[in-house]
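The values are calculated or read from the model by the stated rules, or taken from the named source; none is laboratory data. From a predicted model like this one, the values you see are computed outputs, not experimental measurements. Note: ideal-geometry Cβ built from the backbone for every residue, glycine included; neighbour counts use all protein chains shown. Heads up: the accessible areas ignore ligands, DNA and RNA and are worked out on the full protein's heavy atoms, side chains in. Shrake-Rupley method; radii C 1.70, N 1.55, O 1.52, S 1.80 Å.
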Amino acid sequence: MFIIESYRLAVVFCVITMLCWGSWANTQKLAGKSWRFELFYWDYVIGIVLFSLVSAFTLGSTGEQGRGFLADLSQAEMPNIGSAFIGGIIFNAANILVSAAISIAGMSVAFPVGIGLALVLGVLVNYLGDQKGDATLLFGGVILVTAAIVINAIAYGKMNKATGKASGKGIMLALGGGLLMSFFYRFIAASMDLNDFYSPEAGKMTPYTAVFIFSLGILVSNFIFNTILIRKPFARRVAHVFRLL
């Protein structure tokens, strides 16, 4: 499988990841004019599963290092598969709340508050679980992100107070989504051998396999979560569907 060995290349991939992370929210906002976020979210989930499969059968199955995707999947133990699957369920619940918050409060507020809180709590949870990295840089960043969340929420409240709109629902959804999202990674990390990608521990999974199982957790749970939201949406508004139907 493909393994990143260069620190600089790893940073480049992190930047690409952050760009992609923000792109789906922008796409949702553009589609929101004629498409309820619950319907858009199905496209998003299907895209995650397809991308995880493509990655697994290409990057996850090429080269001589590590285990190939199919070989890795066949030897994975059920507790590790279940852990990654649960991570997908938690992520999906959190992401749906953040998506709902975006549809109500707007991306400029919901995304920084929800994802910012997930980043802050996620750093704390993961650092306590495995103390790696420079604590000064990590917690210095946490303080800055926390300050940004508070300022953003205050500004949103003042804006809606001036316009006479209710301001609590979107913020509460974003905070709930951020709280849940801070815990999903620990379940995925527990399913992998993070110390040795070249010769992973037997029963553990490589990142490509873990992400695929994670995506299945998102897909399966979406049949429950999104079905409930379609019938009882957070934001009650008229939404157009495909005119061809």
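Quick notes on this structure:
- Filtering segment 229-245 to residues that are open to solvent by 100 Å² or more (accessible area, probe 1.4 Å) and either within 18 Å of Ala94 (Cβ to Cβ) or at pLDDT 55 or above (or both) leaves Arg231, Lys232.
- Under the condition of being surrounded by fewer than 20 Cβ atoms within 10 Å (Cβ to Cβ), in a helix (DSSP H, G or I) and not aromatic (Phe, Trp, Tyr), the residues counted in segment 32-44 number 2.
- Selection over segment 52-108 of residues that are over 20 Å from the mean Cα position of the chain (by Cα), in a helix (DSSP H, G or I) and surrounded by 17 or more Cβ atoms within 10 Å (Cβ to Cβ) gives a count of 3.
- Condition check for Leu9: under 20 Å from Gly114 (Cα atoms) and more than 19 Å from the chain's Cα centre (by Cα): no
- Test for Phe197: is it at pLDDT 80 or above and within 25 Å of Phe40 (Cα to Cα): no
- Residue pairs meeting the criteria (Cβ under 6 Å; at least 6 apart or on separate chains; first under 21 Å from Ile149 (Cβ atoms), in segment 175-202; second buried (at least 22 other Cβ atoms within 10 Å of the Cβ) and of a type in the set (Phe, Trp, Tyr)): Phe184/Phe91
- Residues located in segment 109-130, provided they are open to solvent by less than 30 Å² (accessible area, probe 1.4 Å), of a type in the set (A, V, I, L, M, F, W, C) and within 12 Å of the chain's Cα centre (by Cα): Ile115, Ala118
- Residue in segment 166-182 that is most open to solvent (accessible area, probe 1.4 Å), counting only those that are under 26 Å from Thr209 (Cα atoms) and in contact with a Phe, Trp or Tyr (Cβ under 9 Å, 6 or more places away or on another chain): Leu180
- Segment 152-183: number of residues that are at pLDDT 80 or above and among the hydrophobic types (A, V, I, L, M, F, W, C): 8
- Being among the aromatic types (Phe, Trp, Tyr) and modelled with pLDDT of 95 or more holds for only one residue in Phe85, Phe91, Phe111, and it is Phe85.
- Cβ-Cβ under 8 Å pairs, at least 6 apart or on other chains, segment 212-232 side more than 10 Å from Ser52 (Cβ to Cβ), far side charged (D, E, K, R): Asn226/Glu38; Leu229/Glu38; Ile230/Arg36; Ile230/Glu38
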